[in-house]
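The values are calculated or read from the model by the stated rules, or taken from the named source; none is laboratory data. The structure presented is a predicted model; accordingly, all values stated were derived computationally and were not measured. Every residue, glycine among them, receives a Cβ derived from its backbone with ideal geometry; neighbour counts consider all protein chains shown.
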Amino acid sequence: MIPYEYVLLTSTIINTVGTAPTLLSEGARRYSWVVPLVSMLLLLITPDTYLLAYVSFIVMIGILGLVTLMRLNSPIKGVDYMLIAIMVIATVLALYTNNLALALLSLVLASAPTYLLILMGDPGVSIEVGIKYVVNMIIATVLFFMGAVIISSNPSLITYIIGFSLLLLGLSLEVGVAPMHVWVPDVFTAGNPIPVSIIASIAKIAPFIVAVKIVLTTMGSVPPYYPTYIASAFAVISMFLGNIGALTSRENSRVLAYSSIANMGYVMAAFAAVLMGYAMNSQFIMGLALVGLLTQLFMNAVGKMGFFNSVYSGGNNAVSTWLISLAFIGTPPLLGFWSKLYIVLALIYANLTWLAVLLVINSVISVPYYIRLARDLGTGWKRGVAEGLIIAFTIIVLSTTIPPTWLIHPIMNLVNYLTLRL
């Protein structure tokens, strides 16, 4: 079996070096998607059948992201496809590696391409939005790295709490968890919906995975209640602020921005359950929480790409928009139901029942604005790429109609990948 590090390295080299020749002429530029696609498909050569389920989902999201970018007449066409492939490779590396430096590198590689993607679109708007986004992401990375270094240096309890707080602030700013969400509504509303759909989907996954791995590796004898309840507080703030903000917003892009903040609150609740499960030495709880965390991130990725593509098209078919809305609400047996179910179960087993109750309450609060989104964006059938994409996203949220043991069982077994070597 080929060491998977070689597969990741080969995929990166093929993507980076192989894209350049396609940019030399306008004719070759039309085929600039081929090399990034091959580099992503190469990642499916995994040494672990459990890892394959995760990698397959990431690659599928990446391919859909690549097709989404084809809808733009981008001045950097070809380079944008390469950036998507780099984000996918980095997201796979984030889970696979047990090296702290590579984990932090994966975070940078998953985030940095979005700096360029957000600048695509109307130059008058994109530059202002891009500057705001890039500044916030740089601050987020600095906070995250400072926190990671502090808690990895065998600190005292007080120093650990300070370091953990910095890491959590950086993570929250990176993915848009309240109260560090200030950039999300403006960027999601003013930015071009196509690059925003990438920022709202693929870019959210690696930061959570890296944060989980660093914290679990460094917790040691630190009482679990400190990090768990700090993360829980962020989750509660983000769920309520996101859902209330979405309820009171009228512009569809702004509603999606606040719903993203709420969804990151649900993921943060799963993060808290992972920490408590580790403290209780329960791989069962950690497995439940990991399933909830990753499937909620997958649901957010699929749903946001579907909705933002519909915003870009001025709407899409009502069947798809309603199904994606119902999945976000948590209607069984759609993908969003399973993600929230496993987060709730993990919270209950981790003695965080109060947080599980608040999560359910917030899911109920979200119903009116998701119904409004379905009505506003379900304007009718489109032709071409737009319709194909929304149908693909719909098939994914419907893929869990039969209880998805094919996805849940492999993810639960990924708990062995959740620690690093220091």
Checked the range 1-33 for anything under 16 Å from Ile86 (Cβ atoms) and among the β-branched types (Val, Ile, Thr); matches are Val7, Thr10, Thr12, Ile13, Ile14, Thr16, Val17, Thr19, Thr22
For the range 301-328, give me each residue that is hydrophobic (A, V, I, L, M, F, W, C) and closer than 19 Å to Met268 by Cβ.
Ala301, Phe328
Residues in the range 311-351 that are surrounded by fewer than 22 Cβ atoms within 10 Å (Cβ to Cβ) and among the aromatic types (Phe, Trp, Tyr) total 4
Being part of a helix (DSSP H, G or I), touching a helix residue (DSSP H, G or I) at 6+ places or on another chain (Cβ under 6 Å) and of a type in the set (Val, Ile, Thr) narrows it down to one residue among Thr16, Thr12; which is it?
Thr12
Options Gly292, Gly303; residue that is in contact with a helix residue (DSSP H, G or I) (Cβ under 7 Å, 6 or more places away or on another chain) and closer than 27 Å to Leu102 by Cβ
Gly292
Can you pull out every residue in the range 35-85 that is closer than 20 Å to Lys304 by Cβ and of a type in the set (Val, Ile, Thr)?
Ile58, Val59, Ile61, Ile63, Val67, Thr68, Ile84
Look at the range 1-41 and say how many of its residues are surrounded by 20 or more Cβ atoms within 10 Å (Cβ to Cβ), within 28 Å of the chain's Cα centre (by Cα) and not hydrophobic (A, V, I, L, M, F, W, C).
6
Within the range 381-422, tally of residues that are surrounded by fewer than 14 Cβ atoms within 10 Å (Cβ to Cβ), of a type in the set (D, E, K, R) and in a loop (DSSP other than H, G, I, E, B):
1
Search the range 352-380 for residues being more than 12 Å from Ile324 (Cβ to Cβ) and aromatic (Phe, Trp, Tyr), and hand back the single one that is surrounded by the fewest Cβ atoms within 10 Å (Cβ to Cβ).
Trp354
Name the residue, out of Leu117, Leu166, Leu173, that is at pLDDT 95 or above and within 19 Å of the chain's Cα centre (by Cα).
Leu173
Which residue pairs have Cβ atoms closer than 6 Å, lie 6 or more positions apart in sequence or on different chains, and pair a first residue in the range 204-221 that is surrounded by fewer than 24 Cβ atoms within 10 Å (Cβ to Cβ) with a second residue that is outside any helix (DSSP H, G or I)?
Lys213/Leu418; Lys213/Leu420; Leu216/Leu418; Leu216/Thr419; Thr217/Thr419; Thr217/Leu420
Based on what the data block shows, is Ser197 touching a helix residue (DSSP H, G or I) at 6+ places or on another chain (Cβ under 8 Å), buried (at least 24 other Cβ atoms within 10 Å of the Cβ) and either farther than 22 Å from Tyr96 by Cα or at pLDDT 95 or above (or both)?
yes
For the range 184-293, please list each of the helices (runs of 4 or more DSSP H) lying entirely inside it that holds at least 2 residues being touching a Leu at 6+ places or on another chain (Cβ under 9 Å) and among the acidic types (Asp, Glu).
none
Filter the range 231-250 down to residues that are surrounded by fewer than 24 Cβ atoms within 10 Å (Cβ to Cβ) and either modelled with pLDDT under 95 or polar (S, T, N, Q) (or both), then give me how many there are.
4
